[in-house]
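Engineer: I'd like to ask you about the structure that follows.
The values are calculated or read from the model by the stated rules, or taken from the named source; none is laboratory data. Given the structure is predicted, the values throughout are model-derived calculations rather than measurements. No Cβ is skipped: glycine too gets one built from the backbone with ideal geometry, and neighbour counts run over all protein chains shown.
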């Protein structure tokens, strides 16, 4: 049986015939009052995986930035440019959300 862990953006997406992914079920990351406004630093340009690792200790959480900032980020890699201001969920909020 194919499955994705709770850190995956595909965790809520059904797997058809135990062979392929169905239509993506987006995992929303809702806004919280304690989210941090962050200006992307040059070392994280085009590297959401590095930012996720430094913030949350897990490169697989790169998708969180795009889901939390859907009005700002269309492409989770190429839209992450130095100086871009995005909201970052706190690690504790993310842990509650993902389980």
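Engineer: When the residues of the range 56-66 are filtered to those that are part of a helix (DSSP H, G or I) and surrounded by fewer than 17 Cβ atoms within 10 Å (Cβ to Cβ), which remaining residue is farthest from the chain's Cα centre (by Cα)?
Structural biologist: Of the residues in the range 56-66, the ones part of a helix (DSSP H, G or I) are 56, 59-61, 63-66.
Pick out the ones that are also surrounded by fewer than 17 Cβ atoms within 10 Å (Cβ to Cβ) and you get 59-60.
Details: 59: 10, 60: 8 Å.
Ranking the qualifying residues of the range 56-66, first place goes to 59.
Engineer: Select, from 76, 82, 28, 89, the only residue that is under 12 Å from the mean Cα position of the chain (by Cα) and modelled with pLDDT of 95 or more.
Structural biologist: Criteria check complete, one pass: 89.
Engineer: Tally time: how many residues in the range 23-35 are more than 21 Å from residue 75 (Cα to Cα) and exposed (fewer than 14 other Cβ atoms within 10 Å of the Cβ)?
Structural biologist: Number of matching residues: 2.
Engineer: Where residues in the range 67-89 are in contact with a strand residue (DSSP E or B) (Cβ under 7 Å, 6 or more places away or on another chain) and under 17 Å from residue 34 (Cβ atoms), which of them is surrounded by the fewest Cβ atoms within 10 Å (Cβ to Cβ)?
Structural biologist: 85
Engineer: In the range 33-50, which residues are more than 12 Å from residue 86 (Cα to Cα) and either at pLDDT below 95 or in contact with a strand residue (DSSP E or B) (Cβ under 9 Å, 6 or more places away or on another chain) (or both)?
Structural biologist: Within the range 33-50, 33, 34 qualify.
Engineer: List every residue pair whose Cβ atoms lie under 7 Å apart, where the two residues are 6 or more positions apart in sequence or sit on different chains, the first residue falls within the range 82-99 and is farther than 16 Å from residue 63 by Cβ, and the second residue, located anywhere, is assigned to a helix (DSSP H, G or I) and at pLDDT 95 or above.
Structural biologist: Between residues of the range 82-99 that are farther than 16 Å from residue 63 by Cβ and residues that are assigned to a helix (DSSP H, G or I) and at pLDDT 95 or above, the close pairs are 82/42.
Engineer: So residue 40 passes all but one of these: (1) more than 14 Å from the chain's Cα centre (by Cα); (2) farther than 14 Å from residue 73 by Cβ; (3) free of Cβ contacts under 8 Å to residues at least 60 places away in the same chain. Which condition number does it fail?
Structural biologist: The one condition residue 40 does not meet is (2).
Engineer: Also: Condition check: farther than 19 Å from residue 71 by Cβ and surrounded by 13 or more Cβ atoms within 10 Å (Cβ to Cβ). Does residue 38 satisfy that?
Structural biologist: On the way: farther than 19 Å from residue 71 by Cβ: no; surrounded by 13 or more Cβ atoms within 10 Å (Cβ to Cβ): yes.
Answer is no for this residue.
Engineer: Could you tell me which of the residues 53, 20, 4 is surrounded by fewer than 10 Cβ atoms within 10 Å (Cβ to Cβ) and free of Cβ contacts under 8 Å to residues at least 12 places away in the same chain?
Structural biologist: Only one candidate passes the filter, namely 20.
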